[in-house]
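The values are calculated or read from the model by the stated rules, or taken from the named source; none is laboratory data. Not measured: the values here are computed from a predicted model. Every residue, glycine as well, gets a Cβ built from its backbone with ideal geometry; the counts of neighbours run over all protein chains shown.
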Amino acid sequence: MAGHAVFLLMVGAAAFSTPAYAHGNADTLHQISDGVVLFFTALEFLLPVLIVALLAQPNELRLAIIQVAALGIGLLTAVVGLQIPGDPSALGLYARGYLIVLGLLVLTNLRIPTGVVLVVVLVTGMLTGLEAGEAVNDDPAAGSALIVGFLSSAICFYFSATLVASRYTEGWQRIAMRVVASWIVAIAVLDIAFMSVRSG
Amino acid sequence: MLDTDIQRRRTGHAGTVSCLAIALLALCALLPGVVLGHVEVGISGDGGFVSGLLHPVTGLDHVVAMVAVGLWGAILGAPAIWILPIAFPLIMTVGAVLGILDFPLPAIGIGIAASAIFLGGMVAANARPPLAIAFLAIAFFAIYHGHPHGAALPDFGVPLLYAAGFVVATGLLHVGGIAFGLLYRWPAGKTAVRTMGVGIAAVGGYFLLLAIGRGL
């Protein structure tokens with residue numbers, strides 16, 4: 001069932017581009033493509049997706065839904081010009097901090113109350129969205145088509161990754177997921193150190 | 001009845017594999033053109049992913065020690081087989097952070113060479129200490145392996161991608177060691193693994209002499 005859903009999502013992702021290309025002009029096409037590129041070429045967007053997918057229990061799409069919704073809200077919030085209080089450059093630090101928290105949740109396999117997990121996923125989604133919004137704002141020529149491209153690829157990847165990862169229930173498969181989670185934690189820690197040094 | 005059950009399991013497994021293969025192929029089809037076509041910084045060897053990926057594999061002393069971690073984990077069996085390869089990159093990250101922060105660590109070259117000698121020796125000797133002892137040994141040497149990676153961070157490029165390449169390469173070296181170490185369950189494989197341990201210790205000895213010669 002989940003495998004079929006993954007396949008259909010991939011077909012949907014492929015089919016999505018056709019109506020977009022048919023009805024948009026060349027600029028729209030480029031902006032949609034740039035939105036897809038923005039998502040797929042930035043680890044700061046891909047890693048939160050992957051870690052939430054690893055966190056999801058079998059047959060549970062709730063986390064992905066919450067994260068996608070939070071990502072969209074965060075992105076639109078940044079696009080309309082709202083920012084988190086304090087130093088804007090600290091956004092990456094916060095985002096990577098929550099990535100570490102999520103990674104440790106997967107790694108330690110602790111039984112955390114569902115509400116806490118949902119809040120962490122929600123905040124992570126918001127921070128990821130705000131980061132994406134900043135990236136969108138960096139391109140003044142970017143229009144709504146770029147956001148459409150970004151969000152559509154994010155949705156496809158979120159659900160695909162969650163569906164695939166939640167199928168892995170065997171012992172060794174869960175261990176492999178914890179290994180990957182440890183790698184993500186290590187990457188996030190290193191990035192925080194790099195950012196701290198570079199910001200002086 | 002049993003045949004039917006086995007058949008059902010095989011069919012289910014094949015279905016899982018095919019679905020995963022489809023998803024991976026679709027992703028592969030999406031990624032290369034996008035990535036290569038639009039990203040100018042960060043993917044190639046410019047302080048990005050490939051730089052990070054290549055950094056752990058370009059030093060033979062690093063490579064053999066990390067493979068030895070996987071080999072030793074495979075010899076120790078569960079849970080060490082997965083705890084050690086998880087612990088090593090995580091603690092290595094701590095060492096890398098110390099390197100990024102320019103925290104001085106004495107005799108780095110000697111420490112790295114000593115790790116290869118120690119880990120290779122453990123594999124060759126079929127040593128099975130308690131997990132806590134193995135963990136502490138791994139943790140100590142992981143700091144030494146991480147420090148130069150952090151200190152060598154390029155001033156340009158994309159730090160997140162560099163970090164990802166560095167961590168993934170390290171993890172894959174462990175996985176390679178584990179894969180080879182799984183041969184240990186067969187008599188011929190046991191000989192091969194222990195011989196490899198001897199080789200790793202010998203490489204470590206060579207680098208130790210080099211490090212002492214350079215005063216590192």
Answer with yes or no whether A:Val185 is part of a helix (DSSP H, G or I) and surrounded by fewer than 23 Cβ atoms within 10 Å (Cβ to Cβ). no
Those residues that are loosely packed, with under 14 Cβ neighbours inside 10 Å and modelled with pLDDT of 80 or more, I need them from the stretch A:57-79; list them, please. none
Among the residues of the stretch A:176-200, how many are β-branched (Val, Ile, Thr) and over 14 Å from A:Ile51 (Cα atoms)? 3
For the stretch B:81-105, enumerate the residues that are more than 8 Å from chain A (Cβ to nearest Cβ), within 28 Å of B:Pro130 (Cβ to Cβ) and either over 19 Å from the mean Cα position of the chain (by Cα) or not hydrophobic (A, V, I, L, M, F, W, C) (or both). B:Gly95, B:Leu98, B:Leu105
Restricting the stretch B:68-80 to residues that are out of contact with any Lys or Arg (no Cβ under 8 Å at 6 or more places or on another chain) and aliphatic (A, V, I, L, M), the residue that is nearest to the other protein chains (Cβ to nearest Cβ): B:Ala78
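Let's see how each residue does on (1) surrounded by 20 or more Cβ atoms within 10 Å (Cβ to Cβ); (2) at the interface with another protein chain (Cβ under 7 Å from one of its Cβ atoms); (3) not aliphatic (A, V, I, L, M):
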site	(1), (2), (3)
A:Asn137	no, no, yes
A:Ala145	yes, no, no
A:Ala161	yes, no, no
A:Arg174	no, no, yes
A:Asp191	yes, yes, yes
Go through (1) away from chain B (no Cβ under 14 Å); (2) buried (at least 19 other Cβ atoms within 10 Å of the Cβ); (3) closer than 24 Å to A:Ala135 by Cα; (4) modelled with pLDDT of 85 or more and name the single condition A:Arg96 misses. (1)
Take the residues of the stretch A:99-137 that are without any contact (Cβ under 8 Å) to a residue 12 or more places away in the chain and assigned to a helix (DSSP H, G or I): which is farthest from A:Gly72 (Cα to Cα)? A:Thr108
